[in-house]
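Peer 1: Before we start, here is the structure in question, set down as structure tokens.
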Amino acid sequence: MIGENYDMKSFNTYYTTKENLESFIKDENIQNSSSLLIQIFSALTDRNFISTLLSELSLFLPDAVIIGTTTDGEIMNGKVSSGKVVLSFTQFEETTLKVAATEHEANGFFSGKYLAKELISEESKLFIAFVDGLHTNGEEFLNGISTVNDDVLIAGGHAGDNNKMVE
């Protein structure tokens, strides 16, 4: 994911139910837009749950850009939790957001390079990436990005599975 302008407002919540999500979006007056970034940080690794959550978010905010990762712990508003799902909504005013994904290759270098080529332009200010926590060498992933652009800020991290080290 790439962001190109920082005029923004952020809202965070724990996901509990579809109804509570809809109320949160209305109460915070979160507007559907292609400049709305939704980040998901989920302790729940069940693919059906994640698919349902994505469907709900897309129903309420169909134009938003959604990225996310599974976790070994979640952070919201400066507090650490475990076993929960944090949703972070960032409403940019004039930011162009782009998103891409790739299957992990044997060396994280190639994944980093591929994603950087797909996403980074001259106007890019930030690159957010989440990578597999078991099979991706983070340093090599970052090295791949650097071959394309070594000036862009990078944020993100390795996905987790609640410290099970299985998936």
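The values are calculated or read from the model by the stated rules, or taken from the named source; none is laboratory data. Computed from a predicted model, the values in this text were never measured in an experiment. Cβ: placed from backbone, ideal geometry, glycine included. Neighbour counts: every protein chain shown. For accessibility, only protein heavy atoms count, side chains too; no ligands or nucleic acids. Shrake-Rupley method; radii C 1.70, N 1.55, O 1.52, S 1.80 Å.
Peer 1: With contacts defined as alpha carbon pairs under 8 Å and 6 or more residues apart, what's the relative contact order of region 1-105 in percent?
Peer 2: On the way: 184 pairs, mean separation 49.8, N = 105.
Relative contact order of region 1-105: 47 percent.
Peer 1: From the phi of every residue in region 72-89, what ³J(HN,Hα) in whole Hz does the Karplus formula 6.51 cos²θ - 1.76 cosθ + 1.60 yield, where θ is phi - 60° and glycine or proline is x?
Peer 2: Residue by residue, region 72-89 yields 10, x, 10, 10, 9, 6, x, 10, 9, 9, 9, x, 10, 10, 9, 10, 10, 9 Hz.
Peer 1: Relative to 2.2 N^0.38 Å, what does the C-alpha radius of gyration of region 64-167 come to as a ratio? Two decimals please. Don't jump to the answer; show the numbers that get you there.
Peer 2: Details: Rg = 14.5 Å, N = 104, 2.2 N^0.38 = 12.8 Å.
That works out to 1.13 for region 64-167.
Peer 1: Kindly work out what percent of the DSSP beta bridges joining two residues of region 2-100 are antiparallel, to the nearest 5. Could you put the intermediate results ahead of the total?
Peer 2: Details: 18 of 24 bridges.
So the antiparallel bridges amount to about 75 percent of the total.
Peer 1: Further question: Give the long-range amide H neighbours of residue 130: residues separated by 5 or more places, or on another chain, with amide H under 5 Å away, using H modelled in the peptide plane at 1.01 Å from N.
Peer 2: Amide H neighbours of residue 130, under 5 Å, 5+ apart: 157.
Peer 1: Moving to a separate point now. Give me, ordered by chain and number, the residues 5 or more places off residue 64 or on other chains with an amide H under 5 Å from its own placed amide H.
Peer 2: Close amide H contacts, sequence-distant or interchain: 33.
Peer 1: Just to be sure I understand: of the beta bridges DSSP finds with both ends in the chain, what percent are antiparallel, rounded to 5? Let's see the in-between values first.
Peer 2: Numbers: 20 of 32 bridges.
Expressed as a percentage, antiparallel bridges in the chain total about 60.
Peer 1: In the chain, what percent of the accessible surface is made up of carbon and sulfur (1.4 Å probe, ligands and nucleic acids excluded)?
Peer 2: On the way: 4460 of 9480 Å².
Using a 1.4 Å probe with all protein chains present, the chain comes out at 47 percent carbon and sulfur.
Peer 1: Among 59, 35, 119, whose Cα lies farthest out toward the positive end of the dipole of the chain, if unit charges sit on the beta carbon of Lys, Arg (+1) and Asp, Glu (-1)?
Peer 2: Projecting each Cα onto the dipole axis, the largest value belongs to 59.
Peer 1: Separate question: At 0.36 nm per residue, and after removing the present C-alpha to C-alpha distance, how many nm does the segment from residue 10 to residue 81 gain when stretched out fully? Walk me through the numbers before you get to the answer.
Peer 2: Numbers: separation 71, 0.36 × 71 = 25.56 nm, distance 1.92 nm.
Residue separation times 0.36 nm, minus the Cα-Cα distance, leaves 23.6 nm.
Peer 1: Compute the Rg/Rh shape ratio of region 5-79: radius of gyration over Kirkwood radius, all on alpha-carbon atoms. Don't jump to the answer; show the numbers that get you there.
Peer 2: Working: Rg = 12.4 Å, Rh = 13.2 Å.
When Rh is taken as the Kirkwood radius, the ratio is 0.94.
Peer 1: So what is the diffusion coefficient of region 1-156 in µm² per second by Stokes-Einstein at 25 °C and 0.890 mPa s, using a Kirkwood Rh over Cα pairs?
Peer 2: Working: Rh = 16.4 Å.
Approximately 150 µm²/s, per Stokes-Einstein.
Peer 1: Assign unit charges at the C-beta atoms only (+1 for Lys and Arg, -1 for Asp and Glu), then state the dipole size of region 1-114 relative to its Cα centre in Debye, rounded to the nearest 20.
Peer 2: Details: 8 positive and 15 negative charges, 43 e Å.
The calculation lands at about 200 debye.
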